[in-house]
Amino acid sequence: MSHPDSIHTTYGVLTGDSEHELVVKRSRFICYLRRVESVEEARDATELVKLEHRMARHHCTAHVIGPDRNERRSNDDGEPSGTAGMPMLDALTRFRRPGTDVADCSDIVAIVVRYFGGVLLGAGGLVHAYSDAVSQALEQATFRSRQRMRHFILDAPHTDAGRWENELRAGGITVLGTDYESRGARIRLAIADEPETSTALEQRIASLTAGARVLEDAGVNWVG
């Protein structure tokens, strides 16, 4: 298991489905990119593509799932071993989103449908075709960052809750909402799950409440 300090707090995910077709010596390679969050979802996405392309000779797949991208699988679906699934997986794991300097895309499955064009491509040709089909689809796709957020609860007197909410929002803190109860209000907050961000929030709360309130940790959640 990863040490907590090494856990990724952001990674890239698709904003929507993406498709791209590549033709190599009359063979058609159609790549579908789908966002998935489990092996089961990847399998379901693959089955839908297979239904749409029943006449295709091959439906090769690769997926990367999870914040740390630990869940990785590929399938050659009848192509010579190592000529389809692995090159596709390599394309997924090496891709860098525009404006980023690390390869961090995850929660994604690539499905490449091949219609044979009558000309044998050889092992090297297949590797390049499957890899290029995924790489080109990724270049055309759009992505956003998924952020790991840490949630907190701040207890507040009814008379101060509104003012504290406004000051926290003005300071760039995400206020998820406020629950008003008989004994007081509970302000729900969220920040990026990073040590320096938590420290800054604690200092802001100490200043805001004159040291009278302490944050309650409410766990983490992925957003995006």
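The values are calculated or read from the model by the stated rules, or taken from the named source; none is laboratory data. The structure displayed is predicted, hence computed values, not measured ones. Here the Cβ is made from the backbone with ideal geometry for all residues, glycine too, and neighbour counts use every protein chain on show.
A Cβ distance below 7 Å, combined with a sequence gap of six or more or placement on separate chains, defines the contacts here; from region 24-40, residues that are closer than 19 Å to Asp132 by Cα reach residues that are assigned to a strand (DSSP E or B) and among the aromatic types (Phe, Trp, Tyr) in the pairs Ser27/Tyr115; Arg28/Tyr115. The residues of region 118-151 that are in a loop (DSSP other than H, G, I, E, B) and surrounded by 14 or more Cβ atoms within 10 Å (Cβ to Cβ), listed by number, are Leu121, Ala141. The set of residues in region 139-188 being over 30 Å from Ser18 (Cβ atoms) and of a type in the set (S, T, N, Q) consists of Thr159, Asn166, Thr178, Ser182. For region 178-185, the criterion of being aromatic (Phe, Trp, Tyr) and surrounded by fewer than 17 Cβ atoms within 10 Å (Cβ to Cβ) is met by at least one residue. Of the residues that make up region 5-16, is at least one farther than 20 Å from Leu121 by Cα, modelled with pLDDT of 95 or more and of a type in the set (A, V, I, L, M)? Yes, region 5-16 has at least one match. Of everything listed in (1) out of contact with any helix residue (DSSP H, G or I) (no Cβ under 6 Å at 6 or more places or on another chain); (2) surrounded by 15 or more Cβ atoms within 10 Å (Cβ to Cβ); (3) modelled with pLDDT of 95 or more; (4) under 24 Å from Arg96 (Cα atoms), the single unmet condition for Val49 is (4). Looking only at residues of region 62-113 that are farther than 18 Å from His20 by Cα and aliphatic (A, V, I, L, M), we find that the one that is farthest from the chain's Cα centre (by Cα) is Met86. Taken over region 35-58, the criterion of being of a type in the set (S, T, N, Q) and part of a loop (DSSP other than H, G, I, E, B) is satisfied by Ser38 alone.
Is it the case that region 74-86 has a residue that's outside any helix (DSSP H, G or I), among the charged types (D, E, K, R), touching a Leu at 6+ places or on another chain (Cβ under 7 Å) and over 19 Å from Gly224 (Cα atoms)? Taking every residue of region 74-86 in turn, at least one turns out to be outside any helix (DSSP H, G or I), among the charged types (D, E, K, R), touching a Leu at 6+ places or on another chain (Cβ under 7 Å) and over 19 Å from Gly224 (Cα atoms). Condition test on Thr61, is it of a type in the set (Ser, Thr, Tyr), in contact with a helix residue (DSSP H, G or I) (Cβ under 9 Å, 6 or more places away or on another chain) and in a strand (DSSP E or B)? Against the criterion (of a type in the set (Ser, Thr, Tyr), in contact with a helix residue (DSSP H, G or I) (Cβ under 9 Å, 6 or more places away or on another chain) and in a strand (DSSP E or B)), Thr61 qualifies. Kindly establish whether Ala210 is outside any strand (DSSP E or B) and without any contact (Cβ under 8 Å) to a residue 40 or more places away in the chain. In short, yes.
Within region 183-197, is there a residue that is of a type in the set (Lys, Arg), assigned by TED's automatic domain parsing to the domain that holds Glu19, in contact with a Ser or Thr (Cβ under 8 Å, 6 or more places away or on another chain) and assigned to a strand (DSSP E or B)? No, there is no match, as no residue in region 183-197 is of a type in the set (Lys, Arg), assigned by TED's automatic domain parsing to the domain that holds Glu19, in contact with a Ser or Thr (Cβ under 8 Å, 6 or more places away or on another chain) and assigned to a strand (DSSP E or B).
This table checks each residue for (1) within 12 Å of Asp107 (Cβ to Cβ); (2) of a type outside the set (Ser, Thr, Tyr); (3) touching a residue at least 12 places away in the same chain (Cβ under 8 Å).
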| residue | (1), (2), (3) |
| --- | --- |
| Val13 | yes, yes, yes |
| Ser18 | no, no, yes |
| Ala56 | no, yes, yes |
| Pro67 | yes, yes, yes |
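Scanning region 94-137 for residues that are free of Cβ contacts under 8 Å to residues at least 60 places away in the same chain and of a type in the set (D, E, K, R) yields Arg94, Arg96, Asp101.
The residue of region 23-40 that is surrounded by the fewest Cβ atoms within 10 Å (Cβ to Cβ), among those that are touching a helix residue (DSSP H, G or I) at 6+ places or on another chain (Cβ under 9 Å) and over 20 Å from Ser74 (Cα atoms), is Lys25.
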